[in-house]
Amino acid sequence: MLTEEQIAIIHSTGNIKINAVAGSGKTTTIIEYAASRPKDSRILYLAFNKSVRLEAAKKIEERGLRNVKVETAHSLAYKSIVFSNGYNVRTQSYRTFEIVDLLGLQNNGEKHTEYILANHISKFVTYFCNSDKPKVQDLNYLDIISDSAARAFVKTFYAPIEEGTRLLLAKMDRGEIDITHDFYLKKFQLSNPLLPFDYILFDEGQDASAVMLDIFLRQKATKVIVGDVHQQIYGWRHAVNSLEKTDFKTFHLSASFRFPQDIAELALSVLDWKKKLQDFDSVVITGKGRETKEVSKATIARTNLGLLLKAIEYITENRSVRRIYFEGNINSYTYADEGASLYDVLNLHNDKRDRIRDKLVASMKDLDELDEYIEKTEDVQLSMMSEIVKEYGDEIFDIMKSLKKLHIEGDDKAKAEMVFSTVHRAKGMEYDVVYLVDDFMTEERLEKIKTEQKGKDGLLNLSKLNEEINLLYVAVTRAKHKIFIPEGLAPKRLAGSRHILAGKGAARGGAKAAEKKGAKEKSYTISEKRRSIKEAYQPWTADLDQELMTMVDAGASVGDMAEHFGRTKGAVYSRIKKLGYYPE
């Protein structure tokens, strides 16, 4: 049965925007909106990505709506631009070393200048292609650079970065090199397309880039855009939160059929952190989710690093586990977008240069030099790999082998004892029980950043901080029945609610530990941890081995054993395997 809010939307006229909270049935609502339009209307359902498109197409077919066409902005652009120009499309963006070769970039005597230039050129191309601007010169690339070292480099080399950006785009335009998905969407926007539809329904509007929004707004059709302004988590892909940039009449979907009221209150408490940054009108979410069996369980992290470390902890502390599943390809957690692998970075660390396959990593003298490159380019993925290598060293091989052995394919996902996902990959998903990893923004850290930044220059990166809050909100609202949340993230007034458990077990994935009163999860960065573990790389002795096995037999967790011996979890895990307790 439809709610009053849904009925109001279906009966509306003219251009409208719908702000829909998580689990509020937005797809059902806009499909019913389409069904209520004249049968001879030409309707376009514009989905944000392929997965949303497939889900919507299935529901539209089941509803029997033959006058509704489902597309993504990219699928429309592909048919219009690629076919007519005979372009070849590559699946990934150009890698840094490829741009060096294509543009003939030269080293100026400083370390790896050509690679740093290529990295910034790649990012500038992406920035331009996702913007609504007609020319590269209309953008200031420095607007998206925040790190001080990176900004200093870009200011010094702005002219060659801009020139390289225009040259790479020109090569794609002339068909001299394969084009990217971003490129043909941008070319489609610049062609000022007029789409032959009476109604255009734009789903997941909060994640649209400026180029998508521009195409949408230029159409003469009646326009409907739907999304959740607080689920905008793709700022790094230049999403602009399109709902806030349209002046259409606003409607709301405030009832969530996914989760109960206390999880709704948790989500609202997280969003209220925005009041610490700026004026913010509180949101209304009514949790109408019903009791469900605790079948699907997922661990959700803010970062790849946080997720990988938690997955390692899970399999080492739960030795009976047989099946796990990673949202997305498990290999994507060990490879950067540009192709460098975790093993390339490990081989650099071990000075085994003949085993490094990635040209960029191979060009580095050592891990310190790679870290310098990371600092000047803000390469988050390489930074993640560097930190994992510093933490686990050669134990990475055994650990990844164990993870891959337990990982099952997508068709068998329902059989997994635990699903692992970053919050970005969990977008659009829901699970009966969710365990959050302790790598999200906390209220305490938010206040600290605000205080420190105001002490410097009085300026705050509001969009970035708001997105960090959104990430936690999205993670919380994946839960249908119960959520385990690290104590540092849980609002005190909600900890202990029926469906919310806070404490050590929240981060570890153990319900019993989470329910222990006063349990606390330690929070630290890897660099802080390494400084505190002075004995991490000392040889194991026969006495230490005996003590280790005694603790294993007593059921001690790997975390507790690592703390006891003053070593990393990776080192403890590796030693236990060598002593025969974790068979291959």
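A few comments on the model shown:
- Per-residue [θ]222 nm for the chain (sum of -39500 (n - 2.57) over DSSP H runs n ≥ 4, rounded to 500): -13000 deg cm²/dmol
- Computed from backbone phi with θ = phi - 60° and the Karplus coefficients 6.51, -1.76 and 1.60, the 3J(HN,Hα) list for segment 359-366 is 5, 5, 5, 5, 6, 7, 6, 7 Hz; x is used for glycine and proline.
- Taking every DSSP bridge with both residues inside the chain, close to 5 percent are antiparallel.
- Sorted peptide list for 30-38, 224-232, criterion being average Cβ within 10 angstrom, highest first: 224-232, 30-38
- Here the chain is described by how far its Cα atoms reach on the three principal axes: 81, 63, 51 Å, from widest to narrowest.
- Pairs from 187/223; 59/276; 135/223; 186/223; 58/310; 123/274 whose Cα-Cα separation, in the structure shown, is over 31 Å: 59/276; 58/310
- Relative contact order of segment 107-242, defined on C-alpha pairs under 8 angstrom at six or more residues apart (%): 25 percent
- Length-normalised contact order for segment 326-438 - Cα pairs under 8 Å, 6+ apart - percent: 30 percent
- Low-density loop cleavage sites - trypsin sites (Lys or Arg not before Pro) in segment 138-209, where at most 11 other Cβ are within 10 Å (DSSP): 174
- GluC sites (Glu not before Pro) restricted to segment 287-385 and DSSP loop, no more than 13 other C-beta within 10 Å: 291, 294
- Solvent-accessible area of the chain (1.4 angstrom probe, protein heavy atoms only): carbon and sulfur portion equals 48 percent.
- Here the peptides 400-412, 296-308, 250-262 are ranked by packing, the mean other Cβ count within 10 Å, and the order with the highest first is 296-308, 250-262, 400-412.
- Taken per residue, the accessible surface of the chain reaches 47 Å², heavy atoms only and a 1.4 Å probe.
The values are calculated or read from the model by the stated rules, or taken from the named source; none is laboratory data. None of the values given here were measured: they were computed from a predicted structure. Using ideal geometry, Cβ is built from the backbone for each residue, glycine included, and neighbour counts are taken over all protein chains shown. The accessibility values were calculated without ligands, DNA or RNA, using every heavy atom of the protein model including side chains. Shrake-Rupley method; radii C 1.70, N 1.55, O 1.52, S 1.80 Å.
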